[in-house]
Structures are given as C-alpha cells and as structure tokens.
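Q: Please find one structure pasted underneath; my questions will follow.
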Amino acid sequence: MKNTNHTLQAIYDKIRAQERISPEEGLLLYQKAPWLEIVQLAWERRVQQVGSTSASYTVFRIINYTNICSISCSFCSFKKDPSASGTYVLNRDEIFEKIENAISQKADQVFFQGGVNPELPLGYYTDLLQEIKTRFGIHIRGFSPVEIKHLADNNSMSIPEVIKTLKDSGLDSVPGAGAEILSERVRKVLAPKKCTTQEWLDIMKLCHQAGLRGSANIVIGSIETDEEILEHLCHIRNLQDETKGFDSFIPWTFQAQTKEFTHRKIMHHEYLKLVGLSRLFLDNIKNIEVSVMVLGKEIGKLALRMGANDISSPVIEENVLRSFGVKSEAESRNLIKEAGFNPLRRGFNYQVIS
C-alpha cells in the first residue's frame with residue numbers, strides 16, 4: 001500500500017504540473033486513487049482549462065429520420081428490421097415540421113441520427129441537407145461513422161467522397177455516435193456488424209480533415225474492463241493529438257433496453273469518477289460534458305464540480321433513449337445556477353451566445 005500511495009502521489013504531482021499522464025498511470029488512478037482525490041484533481045484541471053465560474057449548455061433537436069436498421073446492436077431497442085411492423089422513414093415535410101417546431105423552441109442546431117437503412121439512396125440525404133440549409137440556415141450535425149460507412153458501401157463510393165458530398169450539401173459537424181467502447185473484444189460481442197475500432201477512428205479522422213468537427217464519447221455499463229476504458233480514452237486522445245477535431249468529450253452509461261444485452265448497473269460514484277478521469281486524461285480536449293439526459297439532474301450538478309463544464313442540453317424529441325434530463329432552456333439555466341455556476345448558452349463549437 002505504501003508503494004501504491006507513493007506512486008499515486010507522483011501521478012498527482014504530474015497532473016498538477018500539467019504534465020501528461022500515461023495509460024498505465026490513468027489506469028492506476030481509475031482503480032486505486034481515492035474518489036475524493038480524483039474529484040479534487042479534476043476540479044483543479046477544470047479551473048485551469050475553462051475557469052471556475054461558468055457552465056454551458058445548448059439547445060438542439062434530434063431527428064431520428066428512420067428506425068429501419070441492418071446493424072442489430074444488442075443494446076438497441078429502437079431499430080426495426082425492414083420487414084417488421086412499425087417501420088418508418090421521415091419525408092421532407094415531416095422533417096421540415098420538426099425543424100420549424102425546434103426553431104420555435106429556440107433551437108439553433110438539428111442532429112440527424114437514424115438506423116442504417118439499406119433502402120435509402122444518397123439523394124435522400126443530400127436533398128434534405130440542401131433544402132434545410134436553403135430554407136432554415138440552421139446548423140446541421142449528423143451521421144455517425146457507421147452511417148457514413150454504409151453510404152459509401154451502398155453507393156460504391158470512397159469514404160472521403162461521401163464526406164465531401166455530405167459537407168457540400170450542407171452538413172456542418174459530426175457526432176461521436178457509434179463508438180461505445182473502442183475495443184474490438186467488446187465490439188464483437190455488442191455490435192459485430194458495426195464499424196471496427198480502426199474504421200471508426202479512420203472515418204472520424206477523415207471528417208476532421210474535411211473540416212467537420214465534432215464530439216467524442218464513451219459508453220460504459222456492459223462487459224468492458226477498466227483496461228478497455230483506458231484503451232478507449234487512449235484512442236480518443238491520440239486522434240485528438242493528430243486532428244484537434246474534437247470539441248468535447250461525453251461519458252455516458254448504457255441503458256438496459258433489450259434482453260440480449262449484458263447490462264451492468266453503473267453506480268453514481270463510478271460514473272463521476274469516469275468524468276473526473278476524462279478531464280485528467282484527455283488533456284487535449286477542453287470541454288467535458290455530463291450526460292444529464294441519462295444520469296439525471298442531481299448527478300449533473302455534482303459532475304460540474306468534478307471535471308465537467310457542460311451539460312447535455314434540452315433535447316427536443318429523443319426516441320432512442322429514456323431521458324431523465326432537462327426539457328427546456330429554463331431548466332438548463334436553473335440546473336447550472338443550482339450547481340453554483342453562471343449559465344452560458346453556447347453554439348455548436350462552444351462560442352458563447354448568451
């Protein structure tokens with residue numbers, strides 16, 4: 001124990017000197033460091049990087065444009081097989097109505113996310129993007145690496161060609177969706193038809209190089225090990241070193257949605273410890289977002305004292321996950337005030353709006 005304490009103190013000293021910690025040191029922190037030590041270190045790093053007085057939020061609408069999906073992730077209850085009842089593909093008028101409703105609620109971003117539908121042509125995507133930009137001029141975020149890979153395969157195009165086509169049509173940024181845990185062992189069990197770890201990283205790198213910035217995330221609460229959590233964080237940190245394309249990092253937890261999924265309940269202290277570790281290990285990502293939508297308001301308030309500086313914002317219409325978060329801009333501002341911070345509304349790339 002004495003040697004462990006001595007080693008941990010050396011890691012604390014490195015962090016306070018703003019030196020990068022290694023994966024091995026990150027793992028030791030996660031497994032052995034007292035919870036309150038990580039909390040204190042993460043708060044100090046948060047103050048160094050973004051200050052101590054404010055926390056941010058944004059307002060956006062998710063548009064789940066289709067629930068038809070050929071991927072069959074074990075943890076997802078949203079997807080439908082093409083032959084199943086209850087399938088849908090939103091048409092342009094339905095999507096425009098959702099965007100108009102979102103704008104009436106002061107949203108300044110829309111987030112396109114859907115199943116990997118083998119029947120949708122590329123024109124469905126490009127026509128929509130072009131019309132949305134012409135009609136509304138709103139920021140469009142969308143299409144995970146999994147969706148982009150499908151579009152390339154389905155249209156006999158290269159990944160860079162698809163990315164350029166989507167960007168030229170109006171796409172502004174990309175989400176970190178589809179990563180879950182960037183470990184091949186985990187991915188082969190939970191979602192063997194999804195992108196491999198390397199494919200996800202390669203596609204995200206190409207998006208960043210094309211000027212499509214975005215977020216990264218991690219989802220814990222299944223069969224992942226502590227070592228695989230650090231493996232995931234290493235992949236994100238290494239890619240950020242190369243592209244500087246991630247504006248934020250968001251730790252999530254899995255929700256139990258299907259009987260096929262091996263779900264492990266994450267205790268609140270474990271999630272908060274991961275938030276703190278994310279702030280300390282991902283020294284090249286300025287913004288850490290707490291998943292209020294999945295973890296709830298009270299955990300969101302605590303996380304803002306433990307490394308996070310942004311909350312998952314009011315999401316207008318969420319069909320994939322059960323939301324326990326804020327439902328309006330007023331709720332977002334109140335949550336941040338109750339946590340002891342000045343609320344700042346931000347745009348996609350964290351510029352302050354109000």
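Q: Could you tell me how many degrees, from 0 to 90 and to the nearest 10, lie between the Cα long axis of helix 197-209 and the main elongation axis, the longest principal axis, of the Cα atoms of the chain?
A: With both axes taken from Cα atoms, the answer is about 80 degrees.
Q: Ranked from highest to lowest mean number of other Cβ atoms within 10 Å per residue, what is the order of the peptides 24-35, 214-225, 170-181?
A: Per-residue Cβ counts within 10 Å, averaged per peptide and sorted highest first, yield 170-181, 214-225, 24-35.
Q: Counting Lys and Arg as +1 and Asp and Glu as -1, what is the net charge of the other residues whose Cβ lies under 12 Å from the Cβ of I21? Before the final figure, lay out the partial values.
A: Numbers: positive: K14, R16, R20, R45, R237, R279; negative: D13, E19, E24, E25, D283.
After counting each charged neighbour, the total is +1.
Q: Less than 26 Å apart at the alpha-carbon level, and either on another chain or at least 8 residues along: which lysines does that give for K149?
A: List returned: K79, K80, K133, K164, K167, K188, K193, K194, K205, K244.
Q: Express the relative contact order of the chain as a whole percentage, based on alpha carbon pairs under 8 Å and six or more residues apart in sequence.
A: RCO, the chain: 22 percent.
Q: Here is a further query. Taking one equal scatterer on every alpha-carbon of segment 10-92, how large is log10 of I(q)/I(0) by Debye at q = 0.19 1/Å?
A: -0.84
Q: Based on other C-beta atoms within 10 Å, arrange R279, R264, R141 from fewest to most. Spell out each step's value before the answer.
A: Values: R279 30, R264 14, R141 22.
The order, fewest Cβ neighbours first, is R264, R141, R279.
Q: Amide H of S54 versus every other amide H placed in the peptide plane: which residues, excluding those fewer than 5 positions away on the same chain, fall under 5 Å?
A: Amide H to amide H, under 5 Å and 5 or more residues apart or across chains, S54 pairs with N342.
Q: Would you mind checking the tilt of helix 329-338 against the longest principal axis of the Cα atoms of the chain, expressed as 0 to 90 degrees and rounded to 10?
A: 0
Q: Still on this structure, I have one more. Could you list the trypsin sites (Lys or Arg not before Pro) in segment 197-246 that lie in coil according to DSSP, counting only those with at most 16 other Cβ atoms within 10 Å of their Cβ?
A: Qualifying residues, ordered by number: K244.
Q: Starting with the highest mean, order 334-341, 295-302, 282-289 by the number of other Cβ atoms within 10 Å, averaged over the residues of each peptide.
A: The densest-packed peptide leads the list: 282-289, 295-302, 334-341.
Q: Tell me the net charge near E338. Cut-off is 9 Å between Cβ atoms, E338 excluded, with +1 for each Lys or Arg and -1 for each Asp or Glu.
A: Taking every Cβ under 9 Å from that of E338, the sum is +3.
Q: Hey, could you grab the Kirkwood Rh for segment 34-345? Inverse mean 1/r over distinct alpha carbon pairs, Å, one decimal.
A: The Cα-based Kirkwood calculation yields 19.9 Å.
Q: With a bin width of 5 angstrom, please list the P(r) values of segment 108-224 as percents of all Cα-Cα pairs, from the 0 bin to the one holding the largest distance.
A: 2, 11, 22, 24, 19, 12, 6, 3, 1, 0
Q: For the chain, what is the percent of antiparallel DSSP beta bridges, rounded to the nearest 5?
A: Close to 5 percent.
Q: May I ask for the angle, rounded to the nearest 10°, between helix 23-32 and the longest principal axis of the chain, with both axes built from Cα atoms and the value confined to 0 to 90°?
A: It is inclined by approximately 70 degrees.
Every read-out reported here was derived from the displayed coordinates using simple, explicitly stated rules and does not represent laboratory data. Just so we're clear, the structure is a prediction, and the values are computed from it rather than from any experiment. Every residue, glycine as well, gets a Cβ built from its backbone with ideal geometry; the counts of neighbours run over all protein chains shown.
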